[in-house]
Amino acid sequence: MLKSYRRHLLVLSAVALTLGGLDLRARADDITIGFVTHAQGNPFVEQIVDGAKAAAADLGVALKVQESPGGSPEGQLKLAQGLVNAGAAGIASSMPGDAMAKGMNDIIASGVPVVQFNILAKAVQGPYVGERSTQSGRILGKMIVDKLGGASAKGKVVIGNCFPGFPVLENRAKGVEESLKAAPGLTVLGPFDVKVSAVDNYNHWEQLYAANPDSVAMIGLCAPDIASLGKLNAANGDKFIAGGYDLTAENLAAIKDGHAYVSLGQSPFVQGYLPIVLLVDAIRSKKPAPVGFYDAGTQVVTANSVDMGPGLPSVTFDELQKLAADPKATAEFYKPWTKTVLSAATPPGMQSIEAESK
């Protein structure tokens, strides 16, 4: 009789655990996160979205993605508001302008947490996940100066910015120009508006090169630039050094083929993944997401070297190319990092917002 009673208790306990697990998962599945981006369809932005999807799958939440075709803050605010009206319990969004701030803060005041990624509006009362923008510009500028010969380098350097006025991009430009000053013989032109769509971006770079065919380097501050500059360089006998941002398949191909020199990554997977974790924590704790900055990291990639930054596994250039084209492989690559983030009571590493631009 005693053995039978114990077996009965074990069965009840197993049922309770199963029901508890289902209940917890059901509560997780009841959470819907809205995810809003700029530059719809851009390969780099899609890498961020892939990171958000991986986090949603790991945490058992629903994800609704809305993408703006350009960089209109008013347009993205409307998308965010629409997601909240449709029942989203939290919003992650890039912030292409302070015009979003009041509306996003109204969303936060209504009890719906907001997390920013990739493009920052400091007036928004939510955390931000992105790179240290000014420092990344310094790194890129130094790479170009060193490639040109160091302090003795001479000639024209053209800088392009696909979204003039965006603070993160303006900070990048500031950092690039700061490093270029190490070579007094370099003449910096720009930053010029080179637009974000692939076709417009190439056309604007082509016009800049036609006006400055003696340029020794051309530096882009946005995701489409390396692909455009690589194509332009190939068409003109590879006369200039091309540098820029993001580790998309197109950008890496330009580097591998020798038409571009260096591209800096900014961990798009982290920029997509971590905001979902922060939002789910805020929703479940019923507390506002704390204001602060999470450094997604900076990767420095040339055809001969791949630096993924501290805490990430080493990869070869060929392996990096495979990751750029495979969201599942990228999620697997970041597993050591995601395990650390998910096992912590609060994601580690938050700094002051001011640290983003230092």
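Identify the residue in region 191-207 that is more than 19 Å from PRO43 (Cβ to Cβ) and surrounded by fewer than 19 Cβ atoms within 10 Å (Cβ to Cβ) and, among all such residues, is nearest to the chain's Cα centre (by Cα). Result: ASP193.
Checked across region 283-304, the condition of being aliphatic (A, V, I, L, M) and part of a helix (DSSP H, G or I) holds for at least one residue. Close Cβ contacts (under 6 Å, 6 or more residues apart or on different chains) running from residues in region 36-51 that are of a type in the set (A, V, I, L, M) to residues that are outside any helix (DSSP H, G or I) comprise VAL36/GLN66; VAL36/SER93; ALA39/VAL196; VAL45/THR37; VAL45/ALA39; VAL49/VAL65. If I filter region 88-101 down to residues being of a type in the set (A, V, I, L, M, F, W, C) and surrounded by fewer than 23 Cβ atoms within 10 Å (Cβ to Cβ), which single residue comes out as farthest from VAL196 (Cα to Cα)? Applying the filter and picking the extreme gives ALA89. Selection of region 331-358 for residues being surrounded by fewer than 16 Cβ atoms within 10 Å (Cβ to Cβ), touching a residue at least 60 places away in the same chain (Cβ under 8 Å) and hydroxyl-bearing (Ser, Thr, Tyr) yields THR346, SER352. Kindly list, by first and then second residue, each pair from a residue in region 227-248 that is under 16 Å from GLY155 (Cβ atoms) to a residue that is part of a loop (DSSP other than H, G, I, E, B) and of a type in the set (Phe, Trp, Tyr), limited to pairs with Cβ atoms under 7 Å and residues at least 6 apart or on different chains. Partner pairs satisfying both residue conditions: ASN233/PHE240; ILE241/TYR261; ALA242/TYR261; GLY243/TYR261.
At pLDDT 95 or above and within 17 Å of the chain's Cα centre (by Cα) - does that describe any residue in region 251-261? Yes, region 251-261 contains a residue that is at pLDDT 95 or above and within 17 Å of the chain's Cα centre (by Cα).
This table checks each residue for (1) without any contact (Cβ under 8 Å) to a residue 12 or more places away in the chain; (2) closer than 28 Å to GLY175 by Cα; (3) surrounded by fewer than 24 Cβ atoms within 10 Å (Cβ to Cβ).
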residue	(1), (2), (3)
GLN81	no, no, yes
ALA86	no, no, yes
GLY103	no, no, yes
ASP106	yes, no, yes
GLY111	yes, no, yes
VAL114	no, no, no
PRO127	no, yes, no
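One line per residue, one yes/no per condition, for (1) assigned by TED's automatic domain parsing to the domain that holds LYS339; (2) among the hydrophobic types (A, V, I, L, M, F, W, C):
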position: ALA253; (1), (2): no, yes
position: HIS259; (1), (2): no, no
position: GLY272; (1), (2): yes, no
position: LEU279; (1), (2): yes, yes
position: ILE283; (1), (2): yes, yes
position: GLY292; (1), (2): yes, no
position: ALA303; (1), (2): no, yes
position: MET308; (1), (2): no, yes
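The values are calculated or read from the model by the stated rules, or taken from the named source; none is laboratory data. All figures in this text were calculated on a predicted structure; none of them were measured in a lab. Methodologically, a virtual Cβ is constructed for each residue, glycine included, from the backbone with ideal geometry; neighbour enumeration extends over all protein chains shown.
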